[in-house]
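First the structure, in the form of structure tokens, and then the observations on it.
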Amino acid sequence: MNAAEALDARPAILVVDDDTALREQITDYLATNGCDVEGVGDAVTMDAALARQPFDIIVLDLMMPGEDGLSICRRLSTAGSPAILMMSALGDDVDRIIGLEVGADDYLPKPCNPRELLARVRALYRRRDGARGGAGRLHGGYRFAGYMLDSANHRLRDPNGVSVMLTRGEYALLSAFLDRPGEVLSRDELLEHTHNDDPDTFDRAIDVQISRLRRKLGDSQAQDLIRTIRGAGYKFGASVTRI
């Protein structure tokens, strides 16, 4: 790999996998290609590593002894946590969708090409960096239908002032709608905001996240807030005010 293909910055990556040989292979490859990497073998040592220092991305194995990857992903998937790239030998669509449903930002089947893993890490890091300070960053927040989205803290409050917990994917999806209210957004456009541009892997995941976001916004009202435009995509139907 040449210098042009290396990462632009040095993201901090935590690799969590009980397969020692594979974990070392991944950490060595990422370290060689511009990442600061630490590898651990289970959830306990992962939690200890997270307590010591912040990480940008967690490369997380699905099947592990003790607490498995789905459970870990579920508890770490709130906005502001490290991005999660889940890996598993279970590579069918059902397993991918389950991983994304519990909050994974990306998913790769095992075995994978190390160059593809690096490309996915690069994409996750750039999206995360952009959300923190890039040109696409939202300013103060938005108000809509009695809700208030605080962009700085990634918090959503309902009309009664109660916090609504959003995963990173749900936050990115809602932000995309609020940034372009009244416009029909295709699945491909929404994929650019939430995961990556691989439609074979993630097209169905958009529908899953739309359904979850609607539930969190209230089933009856959310059907009007996020409208399905048959054959075209989705449209946010409420009036939006930037704050």
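Some observations on this one:
- Hits in the stretch 207-243 - residues which are at pLDDT 80 or above and either part of a helix (DSSP H, G or I) or acidic (Asp, Glu) (or both): ASP207, VAL208, GLN209, ILE210, SER211, ARG212, LEU213, ARG214, ARG215, LYS216, LEU217, LEU225
- Members of the stretch 99-136 that are loosely packed, with under 15 Cβ neighbours inside 10 Å, modelled with pLDDT of 75 or more, out of contact with any Lys or Arg (no Cβ under 9 Å at 6 or more places or on another chain) and outside any helix (DSSP H, G or I): PRO111, ASN113
- Residue in the stretch 32-39 that is outside any loop (DSSP other than H, G, I, E, B), under 19 Å from the mean Cα position of the chain (by Cα), at pLDDT 90 or above and in the same structural domain as SER88 (by TED's automatic domain parsing) present: no
- Flag: ALA172 does not match the condition of being under 17 Å from ALA238 (Cβ atoms), at pLDDT below 90 and in the same structural domain as ARG215 (by TED's automatic domain parsing).
- Scanning the stretch 145-193 for residues that are of a type in the set (A, V, I, L, M), under 19 Å from ASP224 (Cβ atoms) and outside any helix (DSSP H, G or I) yields ALA145, MET148, LEU149, LEU156, VAL164, VAL184, LEU185.
- Of all residues in the stretch 59-87, those being aliphatic (A, V, I, L, M) and over 16 Å from CYS112 (Cβ atoms) number 6.
- Taken over the stretch 144-186, the residue count meeting the criterion of being in contact with a Ser or Thr (Cβ under 8 Å, 6 or more places away or on another chain) and closer than 22 Å to ILE206 by Cα is 15.
- Being surrounded by 15 or more Cβ atoms within 10 Å (Cβ to Cβ) and out of contact with any helix residue (DSSP H, G or I) (no Cβ under 9 Å at 6 or more places or on another chain) holds for only one residue in LEU22, LEU70, LEU14, LEU60, and it is LEU22.
The values are calculated or read from the model by the stated rules, or taken from the named source; none is laboratory data. The structure presented is a predicted model; accordingly, all values stated were derived computationally and were not measured. A quick note on method: Cβ atoms are made from the backbone with ideal geometry, for glycine too, and the neighbour counts reach across all protein chains shown.
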